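Engineer: The structure that follows is given in the form of C-alpha cells.
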Amino acid sequence: GDTTILMDSYSCVDVSARAKQIAAAKAANNGALAASKATFGVVTPRCPVGVAFKPNSKVSVRSKNIIAYGDVELDLSGLEQLVCKEQTNAISLALQRLGALEPGSTATIYQILAQLNTILDIDGLDALSNGQFDGSLARPRVFEIAGAMNRLRRDCSMVQHKP
C-alpha cells in the first residue's frame, strides 16, 4: 500500500492510517463524485457596448501583437493563433465595426461574432473595409476577435443583461 508522510517540526510522521480514514469518509459520502457532478451555474452573457469601441483617435496596427486603438494599446501577444499582421489588421477593422452597435443593444459577444462570421463567409474580408479592396487583410478566427474585444477595457466596454 501507499505510505503518507507528514513533516512535523522537521520530523517525519507516518499518517497513512489517518489518510486512509479521510479517503474512506470521502468515498462513503460520494464527496468527489458529488463535486464532479455539480453544475457551474448560470453564466450571464456579456454584451459589447458600441460607444466603447469607437476609437477616440487614430487606429493603427503596429505589429502582429499590438494595436494602437485610440488612446489604448491592445496587447494581443496572448492570442497564440495569430500568425501574421494581416490578421491583426482584420481584427482592428472588426473592432471598429463594433462602434456601430446601437446604444442599449442586448446582442451578446457570441451573437455578434456569429453574425460577423456569416458576413465574412458571404462577403469576404472586403466587408470589414466598407467594400473597398484591402490586400493587407487575412481572416482571423472568431476566437482571436473575441480575445481582442476582451482586451479593450475602457468606458465599460461590456455589460451583462440578466436573463
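Engineer: For segment 100-114, in order, what is each residue's ³J(HN,Hα) by Karplus, 6.51 cos²θ - 1.76 cosθ + 1.60 with θ = phi - 60°, in whole Hz (x at glycine and Pro)?
Structural biologist: Residue by residue, segment 100-114 yields 7, 4, 5, x, x, 4, 9, 5, 7, 4, 4, 5, 5, 5, 5 Hz.
Engineer: While we're here: Determine the sum of side-chain charges near residue 119: Lys and Arg each +1, Asp and Glu each -1, restricted to other residues whose C-beta is under 14 angstrom from that of residue 119.
Structural biologist: -1
Engineer: Now for a separate question. Any idea of the accessible area per residue across segment 113-154, 1.4 Å probe, to the nearest Å²?
Structural biologist: Result: 56 Å² per residue.
Engineer: Now for a separate question. P(r) for the chain: what percent of alpha-carbon pairs falls in each 5 Å bin, starting at zero?
Structural biologist: Distribution as computed: 1, 8, 14, 15, 14, 9, 5, 4, 5, 6, 7, 7, 4, 2, 0 percent.
Engineer: Next up: Hey, any idea what % of the chain's accessible area is carbon plus sulfur with a 1.4 Å probe?
Structural biologist: 53 percent
Engineer: Put 88, 4, 106 in order of accessible area, largest first, 1.4 Å probe: what do you get? Please list the in-between numbers first.
Structural biologist: Numbers: 88 0, 4 55, 106 90 Å².
Descending accessible area places them as 106, 4, 88.
Engineer: Based on DSSP loop calls and a cut-off of at most 10 other Cβ atoms within 10 Å, the longest stretch of the chain free of exposed chymotrypsin sites (Phe, Trp or Tyr not before Pro) is what?
Structural biologist: Here the longest segment lacking exposed loop sites spans 41-132.
Engineer: Turning to a different aspect of this structure: Leaving ligands, DNA and RNA out of it, rank 129, 9, 60 by accessible area with a 1.4 Å probe, largest first.
Structural biologist: Of 129, 9, 60, the descending order of accessible area is 9, 60, 129.
The values are calculated or read from the model by the stated rules, or taken from the named source; none is laboratory data. Every value quoted in this text rests on a predicted model; they were computed, and no experiment measured them. In this analysis, Cβ positions are derived from the backbone assuming ideal geometry, glycine residues included, and neighbour counts consider all displayed protein chains. In case anyone asks, the SASA skips ligands and DNA or RNA and just uses the protein heavy atoms, side chains included. Shrake-Rupley method; radii C 1.70, N 1.55, O 1.52, S 1.80 Å.
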